[in-house]
Amino acid sequence: MDAADRLPEAADVTIVGGGIIGTSTAYFLSTETDLDVLLVERDAIASGSTGDSSAIIRHHYGGDAIYSELAAWSHEFYRNFEAETGEAIAYEPNRLVRMGEAGAESGDYADAGYEVLEDLDIPVSRYEGQELETEFPMLNLDGIDFAVEDETAAYSDATDVAGGFARAAQNEGATVVTGVTVDGFAVEDDAVTAVETDAGRVETDDVLLAAGPWTPDLAEKVDVDVPIRREREQIILLEPSDEFVAEEYDMLPTTSRPGVFWYMRPDFNDGVLIATHYRGEEVDPDAYKRDPDQEILLELVDEIEDFVPGLTDAKLRGEYCGVYSNTPDRDFILDQIGPQGFHVACGFSGHGFKHGPSMGKVLSDMVAEGDTDLTDLSYFSMDRFEDNPEGHEGGTR
Ligand SMILES: Cc1cc2nc3c(=O)[nH]c(=O)nc-3n(C[C@H](O)[C@H](O)[C@H](O)COP(=O)(O)OP(=O)(O)OC[C@H]3O[C@@H](n4cnc5c(N)ncnc54)[C@H](O)[C@@H]3O)c2cc1C
């Protein structure tokens, strides 16, 4: 059956993009509403930023309680993913640790998150002095005064999860079509009436544009300016020595050093993943270099050898690059904007995976009801850029 045969002539809601956000929203719309849902993905499910995600699930967001609350809701859903959706996913508990330098931004951020997590009853610990040494014997703790541990953090596999959401949505009646590109939208009397694709036209009342780094190009077609920068991030996978795995691996947290541009986490099959973030290199999501730069790779290896001396003789297991979609304040965009029935969800930066379930629920509510009880939608609206192109002061990290 070719793509044109799989595409329906009409749907109540058409979701553009089969990443974690589009698939999660398709799942919630099809389980919680009677709407007829279509998801259109131009390539394969999770072929965009989702497929490159480190899939860390954490709750610590400094003083940004709005994200900690959403992350906790999502994490609860992830814990019950199989029971909720019927689909099994990879899931590995691993504490996430914020290293703090007293009197510096890193210390203030770590402590602010400690208070938020305590208020929300999310397990959190704080270590300093001898306790710090005892908890992290594998780390070089120079320049680190204390650590805040998000005890119940975890990591997963984002391709697995997006595939699970897509299959579960289909089982609930949604239509998921891959290999079809959305080229534009038909608008009449200032309302969306159809989605135009390379396999034909679909009449629709609502569109959810969840096309990750490609969102601005599609939004432009209905004169909506989405202010995101697409930034390349570089990832290396290490294979530690048997000795490290036997002696130190089990206690290795997801963490980084204060003020650096990278983080690390354990990986499946006794690996270690190291990724850059927020380096600011803007790229075209259709034409960026897919393998890491040699100088960054060497820099990361040097940094990690200094921070985790036991990884000095680790072997390189893999390498790749992915794209973050960053708003100026790094806060998400969730909005009904432009023609009636046109909704945009993007700017998830390095956070879209852990917020996948809550975003699906919030966006399903937004499309079906115009609002949600799960969060304050006004915080994520595009209005914030009208008075100040930089958006919220501070923004998320
Ligand atoms: C290297 C890296 C590490 C990360 N680590 C983490 C992490 O540890 N924890 C965390 O929470 N988040 C993390 N993130 C962030 C998270 O992965 C993203 O925020 C999330 O995947 C974004 O999902 P999305 O659905 O918005 O976009 P995408 O996954 O990019 O999905 C958009 C989809 O739209 C499709 N599309 C584009 N144009 C069209 C069109 N014209 N027609 C039809 N379909 C189209 C694309 O093919 C794509 O599949 C990381 C991201 C990267 C890149």
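Compute the Rg to Rh ratio over the chain from the alpha carbon atoms, using the Kirkwood formula for Rh, and round to two decimal places. Spell out each step's value before the answer.
Values: Rg = 21.2 Å, Rh = 21.7 Å.
That ratio is 0.98, to two decimals.
Diagonalising the gyration tensor over the Cα atoms of the range 105-237 and scaling each eigenvalue by 5 before taking the square root yields semi-axes of 46, 19, 16 Å, largest first. Relative contact order of the chain: 23 percent, from C-alpha pairs under 8 Å at least 6 residues apart in sequence. Note on the chain: with charges restricted to the Cβ of Lys and Arg (+1) and Asp and Glu (-1), its dipole about the Cα centre is near 680 debye. Amide H contacts of residue 176: 39, each under 5 Å away and 5 or more positions distant or on a separate chain (H built 1.01 Å from N in the peptide plane; Pro and chain starts excluded). Distances between placed amide hydrogens fall under 5 Å for residue 185 paired with 196, all partners being 5 or more residues away or on another chain.
Taking R0 as 51 Å, what FRET efficiency do you get between residue 108 and residue 188 from their Cβ-Cβ distance, rounded to the nearest 0.05? Could the numbers behind the result be given before it?
Values: r = 52 Å, r/R0 = 1.01.
With R0 = 51 Å, the Cβ-Cβ based efficiency is 0.50.
Between residue 155 and 57, 92, 94, the built amide H atoms are under 5 Å apart, and every one of these is 5 or more places off in sequence or on another chain. Ellipticity at 222 nm from helices only: DSSP H runs of n ≥ 4 in the chain, each -39500 (n - 2.57), divided by the residue count, give -8500 deg cm²/dmol.
Sorting 346, 321 by the number of Cβ atoms found within 10 Å of their own Cβ, with the fewest placed first, yields 321, 346. Using the Karplus relation 6.51 cos²θ - 1.76 cosθ + 1.60 with θ = phi - 60°, the per-residue 3J(HN,Hα) values for the range 135-143 come to 6, 10, x, 8, 9, 7, 9, 4, x Hz, with x marking Gly and Pro. In the chain, the longest principal axis of the Cα atoms and the axis of helix 65-79 are about 80 degrees apart.
Take the Cβ-Cβ distance between residue 284 and residue 390 as r, set R0 to 41 Å, and report the resulting FRET efficiency rounded to the nearest 0.05.
Values: r = 23 Å, r/R0 = 0.57.
About 0.95, to the nearest 0.05.
Here the label points at residue 243 and residue 43, each 7 Å from Cα along the C-beta direction, are separated by 4.1 nm in the simple model.
From the backbone phi of the range 351-362, what are the Karplus-calculated ³J(HN,Hα) couplings (6.51 cos²θ - 1.76 cosθ + 1.60, θ = phi - 60°) in whole Hz, Gly and Pro given as x? Karplus values, whole Hz, x for Gly and Pro: 10, x, 5, 5, 9, x, x, 5, 5, x, 5, 4.
Within 10 Å of each residue's Cβ, count the other Cβ atoms and sort 138, 366, 251 from fewest upward.
Working: 138 17, 366 23, 251 14.
The fewest-first ordering by Cβ neighbours comes to 251, 138, 366.
What value in Å³ per residue do you get for the convex hull of the alpha-carbon atoms in the range 229-326? Before the final figure, lay out each step's value.
Values: hull volume 9.8 nm³, N = 98.
Residue-normalised Cα hull volume stands at 100 Å³.
Exposure proxy for 247, 135: other Cβ atoms within 10 Å of each Cβ, ordered fewest to most, give 247, 135. With the charge dipole of the range 229-326 set up from +1 on Lys and Arg Cβ and -1 on Asp and Glu Cβ about the Cα centre, the Cα lying farthest toward the positive end among the listed residues 321, 307, 272 is that of 321. Secondary structure note: in the chain, about 70% of the DSSP beta bridges are antiparallel. Ordering 46, 147, 214 by Cα displacement along the dipole of the chain toward the positive end leaves 46 in first place; charges were set at the Cβ atoms of Lys, Arg (+1) and Asp, Glu (-1).
I'd like the FRET efficiency for residue 379 and residue 34, computed as 1/(1 + (r/R0)^6) with the beta carbon distance as r and R0 of 30 Å, rounded to 0.05.
Details: r = 29 Å, r/R0 = 0.96.
The pair residue 379/residue 34 has a calculated efficiency of 0.55.
Computed from Cα positions, the angle between helix 105-119 and the longest principal axis of the chain comes to roughly 70 degrees.
Treating only the Cβ atoms of Lys and Arg (+1) and Asp and Glu (-1) as charged, compute the dipole magnitude of the range 242-311 about its Cα centre; round to the nearest 20 debye. Show your work: numbers first, answer last.
Numbers: 5 positive and 19 negative charges, 65 e Å.
Around 320 debye, computed over the range 242-311.
Read the figures in this text as sums done on the coordinates, not as results from a lab. The shown structure was predicted, so the numbers you read here are calculated from the model rather than taken from an experiment. Positions of Cβ are generated from backbone atoms using ideal geometry, with glycine treated the same way; all protein chains shown enter the neighbour counts.
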